[in-house]
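Let me begin by presenting the structure, written as structure tokens, before commenting on it.
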Amino acid sequence: MNSADNIESAVEQLHITTRPETDKRILDDAFVALEKSAREQSFHVGPSARPKTLRIRIVELAAVAAVILVIFALFFNMLTTDVGLDEIYQAMGTVDNICITTFEPPVNEPKQIEWVSQALNIDMFRIGEQLILWDIQNNVKMTKNLSSDSVRTQILSGEMLAKVKQASLQRFGLVPFSKISDIPGARWTRLDDSEIEAAVSGTKVYDLTWPEKNTASGAIELRKWRIFGDKDTNLPKRTEWYSKLQSEAEYKLESFTVVTYPNESQIQILIRERFGSAPTQPRDPGYIGTQPN
């Protein structure tokens, strides 16, 4: 295969699609450049050399055009494949069911496991030997001690119910804030590191960094939130939280979460195994007798 064939094959593999107007403009520019080049060559070479010279110039122009197309395609691909924080936030808005397992190094056991189902209108999480279920649909909070298997039920007050509903709007606590503009000095960057991406397959890795004042000491800390987002859905598979002082060189990992997306049936089965069938069913208001006159 000759060099021209190699160029043509490389361009074909890019799968570049242009509009007719773009094609015409490129061809027109190429012909103008070719005509100009031919006029310049005619002053310096004889008639017998012109056909060979023109062929050389055509190959050169084709090579230059191919390189330009390659650079354009790579640049365009880079712009369109990266996503912004707002797109991550929007993707989270489509989630109905989620499981978030939180770890705090160097401990290997989860600090907390949380299951949220907007379809079932529940929030259940495990901390140590306690399993807590916020059943918004039935307006109750159920607490189970896993060591003794005892269950305590509490009716939710209006204030408690409002807090639970508000928390459900915060994208499950995975996203620090919805807009970079909300935090002065915040930066959103793509990590083009194959070793880091290999830690969680099928993901793209992004860092969100911002300065934050420590309320206790008054010192300015630098915060970093790293997300391993699914290449197809932009949904988080893993998130990591880091911090450091301005005088420190390296960030310290504070915690990380592993995120999965169970379906509604899987969450229902889990709740029934722990609390029985009542929490997944609407509460029966019961019989209310007629009051005597």
Just to be sure I understand, how many residues within the stretch 101-139 are of a type in the set (A, V, I, L, M) and assigned to a loop (DSSP other than H, G, I, E, B)? 4
Are there any pairs, at least 6 apart or on different chains, whose C-beta atoms fall under 7 Å, with the first in the stretch 141-153 and surrounded by 14 or more Cβ atoms within 10 Å (Cβ to Cβ) and the second in a loop (DSSP other than H, G, I, E, B), and if so, which? K141/L156
How about the stretch 242-277: which of its residues are among the hydrophobic types (A, V, I, L, M, F, W, C), assigned to a strand (DSSP E or B) and closer than 30 Å to K144 by Cα? F256, V258, V259
Using the structure shown, decide if E248 is surrounded by fewer than 18 Cβ atoms within 10 Å (Cβ to Cβ), under 18 Å from the mean Cα position of the chain (by Cα) and not basic (K, R). no
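May I ask you to say which residue of P236, P279 is in contact with a strand residue (DSSP E or B) (Cβ under 9 Å, 6 or more places away or on another chain), modelled with pLDDT of 90 or more and not hydrophobic (A, V, I, L, M, F, W, C)? Talk me through it step by step, then tell me what you get.
On the way: P279 fails: modelled with pLDDT of 90 or more.
Answer to the check: P236.
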What number of residues within the stretch 154-165 are loosely packed, with under 15 Cβ neighbours inside 10 Å and either modelled with pLDDT of 85 or more or part of a loop (DSSP other than H, G, I, E, B) (or both)? 3
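Do we find that I155 is closer than 30 Å to D82 by Cα and of a type outside the set (D, E, K, R) in this structure? Please lay out each step first, then the result.
Numbers: closer than 30 Å to D82 by Cα: no; of a type outside the set (D, E, K, R): yes.
It is false that I155 is closer than 30 Å to D82 by Cα and of a type outside the set (D, E, K, R).
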Across the stretch 93-116, the tally of residues that are under 16 Å from S255 (Cβ atoms) and in contact (Cβ under 8 Å) with a residue 24 or more places away in the chain stands at 8
When the residues of the stretch 181-196 are filtered to those that are under 24 Å from T102 (Cβ atoms), out of contact with any Leu (no Cβ under 6 Å at 6 or more places or on another chain) and touching a residue at least 24 places away in the same chain (Cβ under 8 Å), which remaining residue is surrounded by the most Cβ atoms within 10 Å (Cβ to Cβ)? A186
In this structure, does G202 turn out to be in contact with an Asp or Glu (Cβ under 9 Å, 6 or more places away or on another chain), within 18 Å of I100 (Cβ to Cβ) and loosely packed, with under 15 Cβ neighbours inside 10 Å? no
Say whether the condition of being closer than 22 Å to V258 by Cα and assigned by TED's automatic domain parsing to the domain that holds V259 is met by at least one residue in the stretch 133-156. yes
Determine whether T290 is at pLDDT 85 or above, among the β-branched types (V, I, T) and not in a strand (DSSP E or B). no
Filtering the stretch 122-131 for residues that are free of Cβ contacts under 8 Å to residues at least 60 places away in the same chain and in contact with a Phe, Trp or Tyr (Cβ under 6 Å, 6 or more places away or on another chain) leaves a count of 1
When you look at A119, is it touching a residue at least 60 places away in the same chain (Cβ under 8 Å), of a type in the set (A, V, I, L, M) and out of contact with any Phe, Trp or Tyr (no Cβ under 7 Å at 6 or more places or on another chain), yes or no? yes
Of the listed residues (T102, T94, T80), the one being at pLDDT 95 or above and of a type outside the set (A, V, I, L, M) is T102
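The values are calculated or read from the model by the stated rules, or taken from the named source; none is laboratory data. Quick caveat, the model's predicted, so the values are computed rather than measured. As a convention, Cβ positions derive from the backbone with ideal geometry for all residues, glycine included, and neighbour counts pool all protein chains shown.
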